[in-house]
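> Before I ask anything, let me first share the structure, which is written out below as structure tokens.
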Amino acid sequence: MSQDPDHDRVAKLLQDYRAQGLRIATAESCTGGMIAACLTDIAGSSDVFERGFVTYSNEAKNESIGVPMDLITAHGAVSAQVAQAMASGALAHSRADVAVSVTGVAGPGGGSAEKPVGLVYFGLARRGGAAESWRHIFSGDRAAVRAATRDHALSLLERQAAA
């Protein structure tokens, strides 16, 4: 039996991508690499996980994966537009076929009325297709928000594998 309850879930996700010959890239802000770490915890993940970008600052989003600074200025780093640009940028700067991105306010500070603590935008892009985004508000402390963000990103990747 696995020590980590997510081990079997992530192993199946990787197997589904492997069976389709697809590779994954991640672009993470508020999770700081947790999604990439979760995927690479599984032995043999190297044939599916292509690379991960941790783009915590606005400059990193721009310099590493090409998110336009004017897009960040216009909508804020925590926005649907930036999440989509992060996912598209991760594809453009990798050999992956599918990219998932996350940008949010993990807390405990940094929230506002428009963008409360727990707000996370997710992006998903598949090579040859348009990037999509989703908005979620998670409850709990910083650790809970980040864990829920990681788990939801895995769900998006699972749905993409089944599509």
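FYI, it's all coordinate maths here, none of it is from the lab. Predicted, not measured: the structure shown is a model, and the values here were computed from it. Ideal geometry is used to build each Cβ from the backbone, glycine not excepted, and the neighbour counts take in all protein chains shown.
> Give, in nm to one decimal, the length gained when the segment between ASP47 and ALA92 is fully stretched (0.36 nm per residue of separation minus the Cα-Cα distance).
Gain in length upon complete extension: 14.3 nm.
> By how many nm would the segment from ASP8 to ILE137 grow when fully extended, if each residue of separation counts as 0.36 nm and the alpha-carbon distance is taken off?
43.8 nm
> On to the next question. Using alpha-carbon positions, what is the distance between the centroids of the stretch 4-79 and the stretch 101-163, in Å?
Value for the Cα centre distance between the two parts: 12 Å.
> Classify the stretch 38-117: rounded, prolate or oblate, from the alpha-carbon gyration tensor (a ≥ b ≥ c, eigenvalue square roots; a/c under 1.5 rounded; otherwise prolate if a/b is larger than b/c)?
oblate
> What are the extents of the Cα atoms of the stretch 20-69 along their three principal axes, listed from largest to smallest and rounded to whole Å?
Extents along the principal axes, in whole Å: 36, 20, 12.
> Then there's this: How large is the convex hull of the C-alpha atoms of the stretch 7-162 per residue, in Å³?
Working: hull volume 15.1 nm³, N = 156.
Output value, Cα hull per residue: 97 Å³.
> Taking every DSSP beta bridge with both residues inside the stretch 7-162, roughly what % is antiparallel (nearest 5)?
DSSP beta bridges in the stretch 7-162 are roughly 55 percent antiparallel.
> Would you mind checking the tilt of helix 80-92 against the longest principal axis of the Cα atoms of the chain, expressed as 0 to 90 degrees and rounded to 10?
In the chain, helix 80-92 runs at an angle near 40 degrees to the longest axis.
> Sticking with this one: Run the simple label-point estimate for GLU59 and ALA144 please: 7 Å along Cα→C-beta, distance reported in nm.
Here the answer is 3.5 nm between the modelled labels.
> Can you give me the relative contact order of the chain as a percent, contacts being Cα pairs under 8 Å and 6 or more apart?
RCO, the chain: 22 percent.
> Here's something else I'd like to know. Taking the chain as the reference, fit the longest principal axis to its C-alpha atoms, fit the long axis of helix 7-20 to the helix C-alpha atoms, and give the angle between the two in degrees, 0 to 90, nearest 10.
Orientation of helix 7-20: about 80 degrees from the principal axis.
> What distance in nm lies between label points placed 7 Å from Cα along the C-beta direction at ALA130 and ALA37?
About 3.6 nm separates the two model spin labels.
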